[in-house]
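Peer 1: One structure follows; several queries about it will come next.
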Amino acid sequence: MTMKGRVWEHLEDCLTAGKVHMTLLDPASVSPRVGIEIAQRAKDMGTHAVMVGGSTGVTTENLDTLVQGIKHATGLPVIHFPNHGGAISPHVDAIWFMSLMNSRNPRFITREQMLGAPVLKALGIEPIALGYVIVAPGMTVGRVSDAEVVPRGPDGADIAAAYALAAEYFGMRLVYLEAGSGADEPVPTGHVRAVKNQASIPCIAGGGIREPGQARALLDAGADILVTGSIAEERGYEALGQIIRAVREHEDPPARGAAMRPA
Ligand code: 1GP
């Protein structure tokens, strides 16, 4: 299956049908052999798409090898999750064209995007505009991108929601709340709920999702897409499968007060 140029359409269809799971693979931390195996297993267990990228050590070479291998082995849509405008694989189906909204450094807000945009056009890669917001602890991505991380707690929820609305007003398709790979806890459910109350674009949550209960809580709060990265390497395929199942089987909780309504 080639998804070139129509990944957003495909994602919208998936989002209409239910919640979505994406598997993130970092070409700087997994070998192509392991990365392809994880992608294959994730596909068999029901992941919707693969994201490829990482904060450090991503080169055109390691990215390209992994992307081609995954596409050949799985046929899943592969979306580049970039950390700068330099390393781009011509083989990805789409790229998160993302602005790191709470960086202190304009490089991560618009400058790398300026460098990358003409390359994407020349290569015919579909850009999907996304507002990327780093929530504490932020981990490596928070450090390397000089993020003014959104605090956890109620004040942080309001800030996250305001960023999400700003992303929507900029015309971005989605907003991504990122706790950072390997975070002790995922982004707080209160942040997700605040984002969903304020903005109407789909909300992605990623970073630190290890248990199906955490996944369900984020989905109940309104997250539309969950991303897991290191879980397969750290805890094995069964743990990854439990998260994917939690996403696939999720049903929205009844609206508050629904039971009170007269028949
Ligand atoms: C994707 O950075 C995350 O948003 C991945 O985090 O490795 O903790 O799953 P994990």
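Peer 1: Can you tell which of Gly180, Gly153 is at positive phi and at pLDDT 95 or above? Give the steps one after another, and end with the answer.
Peer 2: On the way: Gly153 fails: at pLDDT 95 or above.
Going through Gly180, Gly153 in turn, the sole match is Gly180.
Peer 1: Go through (1) within 19 Å of Ala129 (Cα to Cα); (2) among the small types (Gly, Ala, Ser); (3) out of contact with any Asp or Glu (no Cβ under 7 Å at 6 or more places or on another chain) for Gly54 and report which single condition fails.
Peer 2: The failed condition is (3).
Peer 1: Tell me which residues, restricted to the stretch 54-65, are within 18 Å of the chain's Cα centre (by Cα) and assigned to a helix (DSSP H, G or I). If you could, list the steps in order and put the result at the bottom.
Peer 2: Initially, the stretch 54-65 is screened for residues within 18 Å of the chain's Cα centre (by Cα), giving 54-56, 58, 63.
Across the stretch 54-65, the qualifying residue is only Leu63.
Peer 1: Evaluate the following for Ile79: is it crowded, with 19+ Cβ neighbours inside 10 Å, within 15 Å of the ligand (Cβ to nearest atom) and either assigned to a helix (DSSP H, G or I) or modelled with pLDDT of 95 or more (or both)?
Peer 2: Details: crowded, with 19+ Cβ neighbours inside 10 Å: yes; within 15 Å of the ligand (Cβ to nearest atom): yes; either assigned to a helix (DSSP H, G or I) or modelled with pLDDT of 95 or more (or both): yes.
Yes.
Peer 1: Can you list the helices (runs of 4 or more DSSP H) lying wholly within the stretch 149-249 that have 2 or more residues being away from the ligand (no atom under 16 Å from the Cβ), surrounded by 19 or more Cβ atoms within 10 Å (Cβ to Cβ) and among the β-branched types (Val, Ile, Thr)? Please lay out each step first, then the result.
Peer 2: Values: elements: 154-170, 189-198, 212-220, 231-235, 237-248.
In the stretch 149-249, there are no helices (runs of 4 or more DSSP H) which contain 2 or more residues that are away from the ligand (no atom under 16 Å from the Cβ), surrounded by 19 or more Cβ atoms within 10 Å (Cβ to Cβ) and among the β-branched types (Val, Ile, Thr).
Peer 1: Can you tell me how many residues within the stretch 231-263 are among the hydrophobic types (A, V, I, L, M, F, W, C) and modelled with pLDDT under 95?
Peer 2: Within the stretch 231-263, the first condition is being among the hydrophobic types (A, V, I, L, M, F, W, C), and the residues that meet it are 231-232, 239-240, 243-244, 246-247, 255, 258-260, 263.
Still in the running and modelled with pLDDT under 95: 255, 258-260, 263.
The number of residues fulfilling the criteria is 5.
Peer 1: Does any residue in the stretch 224-235 that is of a type in the set (Asp, Glu) come within less than 9 Å, Cβ to Cβ, of a residue that is more than 9 Å from the ligand (Cβ to nearest atom) and assigned to a helix (DSSP H, G or I) six or more places away or on a different chain, and which pairs are these?
Peer 2: Between residues of the stretch 224-235 that are of a type in the set (Asp, Glu) and residues that are more than 9 Å from the ligand (Cβ to nearest atom) and assigned to a helix (DSSP H, G or I), the close pairs are Asp224/Leu15; Asp224/Lys196; Glu233/Val34; Glu233/Ile38.
Peer 1: Could you check Val119 against (1) under 30 Å from Lys43 (Cα atoms); (2) at pLDDT 95 or above; (3) out of contact with any strand residue (DSSP E or B) (no Cβ under 9 Å at 6 or more places or on another chain) and say which number it fails?
Peer 2: So Val119 meets the others, but not (2).
Peer 1: Of all residues in the stretch 92-108, count the ones that are under 30 Å from His72 (Cβ atoms) and of a type outside the set (A, V, I, L, M, F, W, C).
Peer 2: Start the filter on the stretch 92-108 by keeping residues that are under 30 Å from His72 (Cβ atoms), which leaves 92-98.
Next, from what is left, pick out any that are of a type outside the set (A, V, I, L, M, F, W, C): 93.
Summing the residues that are under 30 Å from His72 (Cβ atoms) and of a type outside the set (A, V, I, L, M, F, W, C) in the stretch 92-108 gives 1.
Peer 1: Checking the conditions here, which among Gly142, Gly116, Gly69 is buried (at least 23 other Cβ atoms within 10 Å of the Cβ), without any contact (Cβ under 8 Å) to a residue 60 or more places away in the chain and assigned to a helix (DSSP H, G or I)?
Peer 2: Gly142
The values are calculated or read from the model by the stated rules, or taken from the named source; none is laboratory data. Predicted, not measured: the structure shown is a model, and the values here were computed from it. Virtual Cβ from ideal backbone geometry, glycine too; neighbours counted across all protein chains shown.
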